[in-house]
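The values are calculated or read from the model by the stated rules, or taken from the named source; none is laboratory data. Computed from a predicted structure; not experimentally measured. Cβ sites come from the backbone with ideal geometry, for glycine too, and all protein chains shown count toward neighbours.
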Amino acid sequence: MYDDKNGIIQAHLDFLENITPVSNPTPMFLNNIFIECNRRLEALTALGVDINAYGRVLTPKILRDFPDDVRRLWIIHLKREKISESDISKLREFLSEEVEGALTTLKIKGEPTKAFCSMPSTEAFNFNSKTQYKPNNYSKKPSPVCPFCIVAGHCSQECKSVTDIDVRVQNFKTLDVAFCVLTKDIM
């Protein structure tokens, strides 16, 4: 079977079809499903298969593994961006952003992440999809947001609206802002 390229391609397609759909859509499970789907797509690409040519076949196989809300968001994304639903690179980009968002939310909440530390996050599949579609007014460095007055455009050292130390400390306590916010402006 391993010398038959079509057999190998079919094995990858069958694997994508037989992935168990996510019943408990935790960020860890979403990450694992995304990684498995992405591994198969990378393997197909390595075999010389144009995965966009298989878009009509691959898209439903991949999306059925994700929860209903992710599928609904994909359809909304398609209509807003006016892209083809069989565009695998756009699907990968979309799923990457959804999974990274779920993982980031988990990290921000401070919930234990030991269950998925053995698996790499979607960052490991750096396929540079975001760099191709930057708007003309894209700035490489985002403007800083002052943690004291929560206004973009100036850093904490240049804040003129909140100058009282006690008010600044109180803002930090109410917003639960970490000290790294201050040091990020300095570095």
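Return yes when K82 is exposed (fewer than 14 other Cβ atoms within 10 Å of the Cβ) and among the basic types (K, R) and no when it is not.
Criteria met by K82.
When you look at G48, is it at positive phi and either out of contact with any His (no Cβ under 6 Å at 6 or more places or on another chain) or not aromatic (F, W, Y) (or both), yes or no?
Yes: the conditions hold for G48.
Yes or no: the range 117-136 includes at least one residue that is modelled with pLDDT of 75 or more, closer than 29 Å to P27 by Cα and surrounded by fewer than 10 Cβ atoms within 10 Å (Cβ to Cβ).
So far as the range 117-136 goes, no, none of its residues is modelled with pLDDT of 75 or more, closer than 29 Å to P27 by Cα and surrounded by fewer than 10 Cβ atoms within 10 Å (Cβ to Cβ).
Can you tell me which of D65, D69, D50 is of a type in the set (D, E, K, R), in the same structural domain as L91 (by the TED database), closer than 21 Å to L106 by Cα and outside any helix (DSSP H, G or I)?
D65
Residues that are assigned to a helix (DSSP H, G or I), closer than 16 Å to E17 by Cα, in contact (Cβ under 8 Å) with a residue 60 or more places away in the chain and under 14 Å from the mean Cα position of the chain (by Cα): does the range 38-47 have at least one?
Within the range 38-47 (the criterion being assigned to a helix (DSSP H, G or I), closer than 16 Å to E17 by Cα, in contact (Cβ under 8 Å) with a residue 60 or more places away in the chain and under 14 Å from the mean Cα position of the chain (by Cα)), the answer is yes, since at least one residue qualifies.
Under 8 Å by Cβ, and 6 or more places apart or on different chains, what pairs join a residue from the range 11-22 that is surrounded by 15 or more Cβ atoms within 10 Å (Cβ to Cβ) with one that is aromatic (F, W, Y)?
L13/Y54; V22/F29; V22/F66
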